[in-house]
Amino acid sequence: MKQNLIPILLFLLLITGAPYQAISQSSISELNQTLRYSRYSRLALKIIPIKKGKDRFITQFVVEKIEENSAFNTYSFSYNLVSGYDEPITAENTILLGESELKFDTDRHWVFEREIEIPSDQEQAIVLLTALDTRQGDSYYYHVDLKSPFVFSHPTFGAYYANDVPFDQTYLPAGEALLFKSSQGPNLHGFYYPMEFEVPYPPMETKPAPVPRELNVVDEGDFLANVPKELSELGYYFFQQDTADTNGVLVKTTHEAFPKVKDWEEMVQMVTYISTRREHETLLTAEDKKRALDEYWINLTKNPETAKELIREYFRQVEFANILFTDFKAGWKTDKGMVYIVMGPPQEVNFFLDREVWTYQGVDESSKIRFTFARVKNILNPHYYTLNRSRAYQPIWFKNISQWRSGKMAF
């Protein structure tokens, strides 16, 4: 019976364009969102909510075209509004997004925009964007909590590129400008944080990380909305409509090479995840960082050609970590970025209200290892997570580091 059902479902999928999850009645917590972090994704999705009333939002669905020459009819787009991570996603609560509804179609983006209103007595509301690649049946997902215990609020204004497409990143090269649009008043307020962060502790280190005693912040005062605003300094900025409120827009400012590596000094910092303490101290104190790094990589692999491949692969992981996980920290310095660099893209990704879980193959073929990132309520980022550390991670962590050091790691 099940074998006969599969062709029918695939037929419906291709003919109607209805997302497969609407047929299978999964919930958000049951969806495997591994394509969200894949190195071979053809799209990158983003949802940007702008608050227009107590329970009313202008919701921007932004689709970045990673694949060259992307064709709209290759994909089927839809969204769902659910009241919890375990609520079934059905055909009844699936709303299709057609080409005629595009607000923007640029070389880099497709953008839809919908107004969403939540019943005032509803305690949770999550919006899920789905893009189905009809060629392989791959489904891309992205979700945002419009209303939940982990969200203070959402901003009443948006950030935009020069072509009016919503700003769908968290980082921007220092010295470039963004346009902040608001219908709530002529002025916005900016705060600048010239912060540098330490790398995170490894997953098996259970002692708490040190907390900075002082938070350096520069109050930049008011500036005009709807006029380009230059973000001139390295660090991060937090923009608000009302400084007495608990919402705003976070933008991390970076060097011009970001998300790639800038120089030898930065490369030295980044190899800490696969280095011994002595190796890293030697690199940090070396006068000629390039020569020291060359010797470091060749000493690891004993083969110059293998060393070149290893360098390319390692810093490719760093680049993806920066793209995927940058918030007020550079992506490679976040807990997710650290795990992503060493372990590679997870085989399974599941989201729940209070956590995100990554699943990998364990130390042998019959076992699995799961990294759980606990969700933390944070004014800067409504979807902020920290790793639940455990000594149980030690075997798989050291196994992967050994593979990196031998030049055998490839994703």
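The values are calculated or read from the model by the stated rules, or taken from the named source; none is laboratory data. If you're wondering where the values come from, they're calculated on a predicted model, not measured in any experiment. Glycine gets a Cβ as well: all are built from the backbone with ideal geometry, and neighbour counts include every protein chain shown. Ligands, DNA and RNA are excluded from the accessible area calculation, which covers all protein heavy atoms including side chains. Shrake-Rupley method; radii C 1.70, N 1.55, O 1.52, S 1.80 Å.
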List the residue pairs whose Cβ atoms are under 7 Å apart, where the first residue sits in the stretch 105-134 and is more than 15 Å from residue 65 (Cα to Cα), the second is of a type in the set (D, E, K, R) and open to solvent by less than 10 Å² (accessible area, probe 1.4 Å), and the two are 6 or more positions apart or on different chains.
126/145
Kindly indicate the residue of the stretch 117-137 that is surrounded by fewer than 17 Cβ atoms within 10 Å (Cβ to Cβ) and not polar (S, T, N, Q) and also farthest from residue 354 (Cα to Cα) among those meeting that condition.
135
Which of the following residues is farther than 17 Å from residue 149 by Cα, surrounded by fewer than 17 Cβ atoms within 10 Å (Cβ to Cβ) and not small (Gly, Ala, Ser): 364, 327, 335, 354?
364
Does residue 321 fit the bill of being open to solvent by less than 70 Å² (accessible area, probe 1.4 Å) and at pLDDT below 95?
no
Could you please let me know if residue 305 is closer than 27 Å to residue 38 by Cβ and of a type in the set (Asp, Glu)?
no
Please tell me if residue 181 is among the basic types (Lys, Arg) and over 22 Å from residue 225 (Cβ atoms).
no
Restricting to the stretch 112-163, name every residue that is of a type in the set (Val, Ile, Thr), touching a Lys or Arg at 6+ places or on another chain (Cβ under 9 Å) and over 21 Å from residue 87 (Cα atoms).
156
Please count how many residues of the stretch 293-314 are in contact (Cβ under 8 Å) with a residue 12 or more places away in the chain, more than 18 Å from residue 266 (Cβ to Cβ) and open to solvent by less than 90 Å² (accessible area, probe 1.4 Å).
5
From the list 385, 340, exactly one residue is of a type in the set (Ser, Thr, Tyr), crowded, with 16+ Cβ neighbours inside 10 Å, assigned to a strand (DSSP E or B) and in contact (Cβ under 8 Å) with a residue 24 or more places away in the chain. Which is it?
385
Selection status of residue 370, touching a residue at least 12 places away in the same chain (Cβ under 8 Å), over 15 Å from the mean Cα position of the chain (by Cα) and either crowded, with 20+ Cβ neighbours inside 10 Å or outside any helix (DSSP H, G or I) (or both)
yes
Quick check: is even one residue across the stretch 196-206 touching a residue at least 24 places away in the same chain (Cβ under 8 Å), farther than 22 Å from residue 269 by Cα and among the hydrophobic types (A, V, I, L, M, F, W, C)?
no
Hand me the list of strands (runs of 3 or more DSSP E) wholly inside the stretch 1-115 holding 1 or more residues that are surrounded by fewer than 14 Cβ atoms within 10 Å (Cβ to Cβ) and at pLDDT below 95.
43-53
If I filter the stretch 308-316 for residues that are over 13 Å from the mean Cα position of the chain (by Cα), assigned to a helix (DSSP H, G or I) and among the hydroxyl-bearing types (Ser, Thr, Tyr), do I get at least one hit?
yes
Just name the residue that is surrounded by the most Cβ atoms within 10 Å (Cβ to Cβ) out of those in the stretch 156-174 that are in contact with an Asp or Glu (Cβ under 7 Å, 6 or more places away or on another chain) and farther than 13 Å from residue 250 by Cβ.
168
